[in-house]
1. Restricted to the range 34-63, and to residues that are part of a helix (DSSP H, G or I) and charged (D, E, K, R), which residue is farthest from G135 (Cα to Cα)?
2. Quick test for you: out of T141, T149, pick the one residue that is β-branched (V, I, T), more than 20 Å from W35 (Cβ to Cβ), modelled with pLDDT under 95 and part of a strand (DSSP E or B).
3. Would you check if there is a residue in the range 18-39 being at pLDDT 95 or above, surrounded by 13 or more Cβ atoms within 10 Å (Cβ to Cβ) and of a type in the set (F, W, Y)?
4. For L80, indicate whether it is more than 22 Å from P144 (Cβ to Cβ), modelled with pLDDT of 90 or more and not acidic (D, E).
5. Residues R120, R112: which one is at pLDDT below 90 and among the basic types (K, R)?
6. Would a scan of the range 97-106 turn up a residue that is part of a loop (DSSP other than H, G, I, E, B), buried (at least 16 other Cβ atoms within 10 Å of the Cβ) and at negative phi?
7. Any idea which of P66, P91 is at pLDDT 90 or above and assigned to a loop (DSSP other than H, G, I, E, B)?
8. Every residue in the range 94-109 that is of a type in the set (V, I, T) and modelled with pLDDT under 95, please.
Amino acid sequence: MVQTADRLVRLVIRGGLKLVRDPSESTLILRMAAWVSILSLLVKLQPLPRALQMVSLSAPIDSRDPSIETERKLVRAIDLLLGADLLVFKPICWKRAAILHRYLALHGTATRIVFGMRKRADGTVDGHAWLEFAGKPILETKVPNYKVTYAFPSPDACNLDLSLLRNREQ
């Protein structure tokens, strides 16, 4: 409890300094925080595909490659927000992908959220979510090596067993 309170105080101080130094990035982070909160609540109440649909925007008809500057700005903001590792703001890949999907659409780029799973050498199962643009992963430090289990948006139905995993934060 003390660690959480201490982390919250540091976060408020850093947030205040960020607001003074870069008000536009602070505003973007606050808007993203609202959408992360909404998404986190929705996945408690709805299957994941429905929650994603509710926070997504319609894909632009004339989708274009995101600019490097836009990518950097959006990735920096969501990574700072989820890096807080407090309450619903935890560095979870599917939250990152969903929020970036929304904000890239606002900038005219239609992306797809891809969910995948793989079996590790020790027999455990690992999952990841990432974005694709024009069929290629974007905004990842390394190419994801997972078997695709679902993509959003997609005409295919989500596997019911996977939608039951919506409350797992991995």
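1. Restricting to residues being part of a helix (DSSP H, G or I) and charged (D, E, K, R), the top hit is K44.
2. None of the others qualify; the one that does is T149.
3. Yes, the range 18-39 has at least one match.
4. Against the criterion (more than 22 Å from P144 (Cβ to Cβ), modelled with pLDDT of 90 or more and not acidic (D, E)), L80 qualifies.
5. Of the residues listed, the single one that is at pLDDT below 90 and among the basic types (K, R) is R120.
6. No, the range 97-106 contains no residue that is part of a loop (DSSP other than H, G, I, E, B), buried (at least 16 other Cβ atoms within 10 Å of the Cβ) and at negative phi.
7. From the options P66, P91, the qualifying one is P91.
8. T109
The values are calculated or read from the model by the stated rules, or taken from the named source; none is laboratory data. Everything numeric in this text was worked out from a predicted model, so none of it was measured. FYI the Cβ positions are ideal-geometry reconstructions off the backbone, even for glycines, and counts take in every protein chain you see.
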